[in-house]
1. Considering only the range 22-46, state which residues are without any contact (Cβ under 8 Å) to a residue 60 or more places away in the chain and within 20 Å of the chain's Cα centre (by Cα).
2. Among (1) more than 14 Å from the chain's Cα centre (by Cα); (2) touching a residue at least 40 places away in the same chain (Cβ under 8 Å); (3) farther than 21 Å from residue 12 by Cβ, where does residue 167 come up short?
3. Considering only residues that are under 21 Å from residue 31 (Cα atoms), surrounded by fewer than 18 Cβ atoms within 10 Å (Cβ to Cβ) and touching a strand residue (DSSP E or B) at 6+ places or on another chain (Cβ under 8 Å), which ones fall in the range 214-231?
4. Quick one: is residue 166 farther than 30 Å from residue 41 by Cβ and touching a helix residue (DSSP H, G or I) at 6+ places or on another chain (Cβ under 9 Å)?
5. Looking at 86, 170, 156 in this structure, which one is buried (at least 20 other Cβ atoms within 10 Å of the Cβ) and more than 24 Å from residue 39 (Cβ to Cβ)?
6. If residue 136 satisfies every condition in (1) in contact (Cβ under 8 Å) with a residue 40 or more places away in the chain; (2) over 11 Å from the mean Cα position of the chain (by Cα); (3) surrounded by fewer than 21 Cβ atoms within 10 Å (Cβ to Cβ) but one, which is the exception?
7. In the range 108-128, how many residues are farther than 23 Å from residue 222 by Cα and surrounded by 15 or more Cβ atoms within 10 Å (Cβ to Cβ)?
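Every read-out reported here was derived from the displayed coordinates using simple, explicitly stated rules and does not represent laboratory data. Only a predicted model underlies this, so the values are computations on that prediction, with no experimental measurement involved. Because the Cβ atoms are built from the backbone with ideal geometry, glycine has one as well, and the counts that use them run over all protein chains shown.
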């Protein structure tokens, strides 16, 4: 690990995360990648249970069955997107990730201080705590698959369509603060879903159309020209669809 590394990525992995990281590698070359362990299901569901209650959270968990049943056919559509848009959803072979238990560990903070980056690209991690955010003078820049602040939290692209706001189908690149996708917005993409898209392909569709805004934000950070936007949008955090809302939205709006 060489001090003064301009760019570092932090992620827990996943196809859309690797798509963004590989797009940055194509533009900037290889850079260190801090790879945290994914959260367990028990931890994942603890937050909505605490915030929304056991009954609603149980309904969200029940919705996973019909969502899984709609997965058929998504594989061929994802393959089509990979080929059409030149997506690379795999971990790079030329960079060995730096494994950590969590981005909020002392180990991670020591690594960041050692690397001394200018910008830290964040995609698909736990919420980053204040101790990690303040452990370095680098800008933390996050990729979110939704339009902030109107569709913060989980499954932003799905909820834009499910709530009847297709004009907000897209992604946001923003600075990281202590809230849930509440940091200053840097760039946004507004995209068109394919009629064949479902819950399983929205992330891919948005990632395919949002690589340039990620590159632009990192270029700005490296050049010292970050320019937050002022947006006049309502603010709402989403979790996962409940069983009733998922079925109702699918039958009424055709959004699965």
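1. Residues of the range 22-46 without any contact (Cβ under 8 Å) to a residue 60 or more places away in the chain: 26, 29, 38, 40-46.
Matches in the range 22-46: 26, 38, 40, 41, 43, 44, 45, 46.
2. (2)
3. Residues satisfying the conditions are 216, 222, 226.
4. Numbers: farther than 30 Å from residue 41 by Cβ: yes; touching a helix residue (DSSP H, G or I) at 6+ places or on another chain (Cβ under 9 Å): yes.
Yes, satisfied.
5. Working: 86 fails: buried (at least 20 other Cβ atoms within 10 Å of the Cβ); 156 fails: more than 24 Å from residue 39 (Cβ to Cβ).
Of the residues listed, the single one that is buried (at least 20 other Cβ atoms within 10 Å of the Cβ) and more than 24 Å from residue 39 (Cβ to Cβ) is 170.
6. (1)
7. The initial filter retains those residues of the range 108-128 that are farther than 23 Å from residue 222 by Cα, namely 126-127.
Right, trim to surrounded by 15 or more Cβ atoms within 10 Å (Cβ to Cβ) and you get 126.
The number of residues fulfilling the criteria is 1.
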